[in-house]
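Take a look at the structure set out below.
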Amino acid sequence: MTSQTIEFDNTLSGRKDSFQPLDHSGEKNVGLYTCGPTVYDFAHIGNFRAFVFEDLLRRFLECRGYRVRHVMNLTDVDDKTIAGAHREGKALEEFTARFSQAFNEDLRALNCLTPHDQPRATRKIPQMLELIQTLVEKGIAYENEGSVYYRVAKFAGYGKLSKKKLDMNIAGASDRVDVDEYDREQVSDFVLWKKAKEGEPSWESPWGPGRPGWHIECSAMSMECLGPTFDIHAGGEDLIFPHHENEIAQSEAATGKPFVKYWLHCKFLLVDGEKMSKSKGNFYTLRDLLAKGCDPMALRLALLATHYRSPLNFTLEGVKEASESVKKMDDCYALVSSISYQSEFSTGGYVENSEIVQFLENAVTRVLNALSDDLNVSEAFAVIFEAVREINRAYSEKKIDQMNYGNVLRFFEKMDSIFGFDIEPEKMPNQILEFLKRRDQVRKSPEFRSSKELQSESDKLRAQIAAHGWIVKDGRLGEAPIAKVKRRKWD
Ligand code: AMP
Ligand code: ZN
């Protein structure tokens, strides 16, 4: 196990910072907030680049012994969800429930760990109102005709995350700036509470009926779940400004405390050099790709294999390549797992050797060291595929046996816990075991080499085994059956 210092590129400081959690109790608690989807449609795989990167971040910290509390919100009230519900003639909650559920199914299909908390904006309105009220009382927010705005000029630290100067904070500078007809004192001020419009869902407030602005949602939900100051906040690069800049402004002005210590942002997933997005129409949902027969783990690998701070150009070719890499890992894992079945059939004669075990222990440390350097996945994957080559070589040289195959499997399990590859051997059904035993008997009979009948029976049994998707690997003592790898199915 490595003890190398963890470093993350922190958008707030603009450099790589060593990771020192806020919790000094020795419990190694870490608070992680990641901005979740707006549930008005299926998320596209650009969104999933962000979610898979965040999942790697969490898994890695957990493998380094941290107790991560992961909060991911669902934005279930905004212009898009309201418009969608209106279009389908449904209540807002009914409309968003479908996409919230679909989102969680997609997360599971990609083997992302379930967040510990998944607050929905519509369930946290009182917390948002309280925060807005505090800002109004402090003179940082003001009401105008039933809406409430944040007076950006009042917050000295404004721009510290995005490095934007106040005069650059122009409405429309990002597609997520609230460009609406609400009246603000300054164009840079942003809305905290929007006065209800005719026919829109609304909640009561001290300023009359209305609904929250998008930025206040995340400030209120993150602080409610993780406290006024927490360790890590992550999202895609489009959220740096204005969303995260505004979250800092709201939270720090209200509490007087630092909001978040480390801010991590992933670069976009691109299609032909352009951001994949709903508005450009250049997107695939996960469901589109699975319908094309894409393996969710290949997609997960394709999303993970490029460092999060480099843009990722998405191609189906790239997913195909990732799928070959997944197959390499699966085959290697299956080969080694098959040793557990071989004792019954093999005639023995393996060479004992711990060289591979030592190599793999070292490989785990090298992977964790690579990831400790701002999640350097390129180096980590280079180590993994070097290990796969070494394992295959050791297997063919009969250096993996009943004594040490468990150590080899443990390497895969460790990589699985860090990267979420979802590798799990399928238990061999009894029927297949019976076929194998029969085949083994046939092949061990003294007449086997001279008897065409016995050879044909052996071939028939192999075909029956293959018909169930199990493969018998020849060329090794005992005719080792290859175990199958079980894959998570999209539900
Ligand atoms: P949204 O549902 O638009 O709020 O986005 C959910 C998450 O996906 C946020 O963290 C966004 O920054 C991220 N995101 C959106 N589009 C992309 C993209 N093309 N590449 C990477 N991340 C993205
Ligand atoms: Zn957010």
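For the range 202-230, a residue qualifies if it is open to solvent by 20 Å² or more (accessible area, probe 1.4 Å) and either within 16 Å of ligand 2 (Cβ to nearest atom) or modelled with pLDDT under 95 (or both), and the qualifying residues are Trp214, Met223, Glu224, Cys225, Leu226. Scanning the range 134-158 for residues that are of a type in the set (S, T, N, Q), surrounded by fewer than 20 Cβ atoms within 10 Å (Cβ to Cβ) and touching a residue at least 60 places away in the same chain (Cβ under 8 Å) returns a single hit, Thr134. Number of residues in the range 212-230 that are touching a Lys or Arg at 6+ places or on another chain (Cβ under 9 Å), more than 14 Å from ligand 1 (Cβ to nearest atom) and within 23 Å of Val52 (Cα to Cα): the value is 3.
Does Arg287 count as open to solvent by less than 50 Å² (accessible area, probe 1.4 Å), under 17 Å from Ala50 (Cβ atoms) and not in a loop (DSSP other than H, G, I, E, B)?
no
Could you check, for the range 69-81, whether at least one of its residues is in a strand (DSSP E or B), touching a Cys at 6+ places or on another chain (Cβ under 7 Å), closer than 30 Å to Asp295 by Cβ and in contact (Cβ under 8 Å) with a residue 60 or more places away in the chain? Within the range 69-81 (the criterion being in a strand (DSSP E or B), touching a Cys at 6+ places or on another chain (Cβ under 7 Å), closer than 30 Å to Asp295 by Cβ and in contact (Cβ under 8 Å) with a residue 60 or more places away in the chain), the answer is yes, since at least one residue qualifies.
Here's the yes/no breakdown for (1) open to solvent by 90 Å² or more (accessible area, probe 1.4 Å); (2) modelled with pLDDT under 60; (3) in contact with a Pro (Cβ under 9 Å, 6 or more places away or on another chain):
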position: Ser445; (1), (2), (3): no, no, no
position: Ser458; (1), (2), (3): no, no, no
position: Gln464; (1), (2), (3): no, no, no
position: Trp470; (1), (2), (3): no, no, yes
position: Asp474; (1), (2), (3): no, yes, no
position: Glu479; (1), (2), (3): no, yes, no
position: Ile482; (1), (2), (3): no, yes, no
position: Lys486; (1), (2), (3): no, no, yes
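Against the conditions (1) open to solvent by less than 40 Å² (accessible area, probe 1.4 Å); (2) modelled with pLDDT of 90 or more, Glu386 satisfies every one except (1).
Only a single item in (1) hydrophobic (A, V, I, L, M, F, W, C); (2) part of a helix (DSSP H, G or I); (3) under 30 Å from Tyr66 (Cα atoms) is not met by Ile432, and it is number (3). The residues of the range 231-270 that are open to solvent by 20 Å² or more (accessible area, probe 1.4 Å), assigned to a strand (DSSP E or B) and within 13 Å of ligand 1 (Cβ to nearest atom) amount to a single one, Leu270.
The values are calculated or read from the model by the stated rules, or taken from the named source; none is laboratory data. Bear in mind the structure is a predicted one, so any value in this text is a computation, not a measurement. Counting neighbours? That spans all protein chains shown, and the Cβs are built from the backbone with ideal geometry, glycine included. These area figures cover heavy atoms from the full protein model, side chains too; ligands, DNA and RNA do not enter into them. Shrake-Rupley method; radii C 1.70, N 1.55, O 1.52, S 1.80 Å.
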